[in-house]
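This report concerns only the one structure given below.
Values in this text are rule-based calculations from the coordinates and carry no lab data. Predicted model only: the values in this text are computed from it and were never measured. Here the Cβ positions follow ideal geometry from the backbone for every residue, glycine too, while neighbour counts run over all protein chains shown.
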Amino acid sequence: MITPATSDSSAAITLTAGEYWIELVPAAHAEPRQASFPAVIEPRRHHGLWVRPRLRREVAEAMCAWLNLVYPVDPDWYPLARFEGDLLVVLTGNAARHRHEIGPDVDGRYPLGELGRWFLSGPTRTPAHLSRQRAVLLERRYHRRVNETLVTCAPSALPSSAFPARIEPHQDGDRCIPVFRPEVAEAVAAFCAHAHEGAPDEHPLAYFDRDTLVHVHQHRRACDGYLPWRIEPGSDGAYRVDGDEWIFRPALGKSEGMVHGFRPTWPGVGTQA
């Protein structure tokens, strides 16, 4: 069984082909903290918003352990769950009356259907995960190379949202197609994930699945058939962000520190030249 995702060992849970991270709408933001689980997503949403996930057995076991841990936080919101042989048993509301038995599909996955308000998310935000993101932004300086320009997907957050990229022209003169070096793409994803946490309607969510950059659109993720955009590295290892889902523009903010190098901000740390 996979260790419950409330601990830093949740890194043991990884995505496999065709899976994306899902998260349950929380009843409380206090401990135990948020947890994400990898799942295959069915095309149709329920109630026009929430995804219908299908879980591998080991992921479903981890979900059971997490649900039983957070259940005392709000018993009216979180269900209880356990395995009885090959059946996933979920108890909602009055357990005596709301027993849901879920058997495995032909591919061995457990379809949750309309049980729970799950949405497309990113990796579990454990202290270790957040520390790695913070290190990406604080331990490296990103200097523009001769052929690079500073671009941003969050103009209101300049200068901390500016990153160097090789740009290609776009038919829309206001926009550009950025090509990020791998280390810069990692910083872009870390910045977006952090900014999304505080203002999800203003900042996109991005994360890495091994060497693939994954972008989750805040508003499209509730649409039937939507799956996060996967951006594979090119032959040079760089990431070309070409599409209408994730829009970058030249960073026109005024900052002396943005001319040669910068550090994106993080709580308690300011922009540095």
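Brief remarks on what is shown
- Under the simplified labelling scheme, the Glu197-Arg57 pair shows an inter-label distance of 3.5 nm, with each label point 7 Å from Cα along Cα→Cβ.
- Prolate/oblate/rounded label for region 8-120 (Cα gyration tensor, a/c 1.5): rounded
- At R0 = 41 Å, FRET efficiency that the Cβ-Cβ distance of Asp242 and Glu114 yields, to 0.05: 0.70
- Cα gyration tensor shape of region 127-262, rounded if a/c is under 1.5, else prolate or oblate by comparing a/b with b/c: rounded
- Full-stretch length increase - Asn68, Glu101 - with 0.36 nm per residue and alpha-carbon distance subtracted: 10.2 nm
- Peptides ranked, highest mean first, by Cβ atoms within 10 Å: ranges 60-67, 192-199: 60-67, 192-199
- Modelled FRET efficiency - R0 41 Å, Ala27 with Arg145, Cβ distances, 0.05 increments: 0.30
- Dipole of region 8-120, positive end: most advanced residue of Leu69, Leu112, Trp50 [Cβ charges, Cα centre]: Trp50
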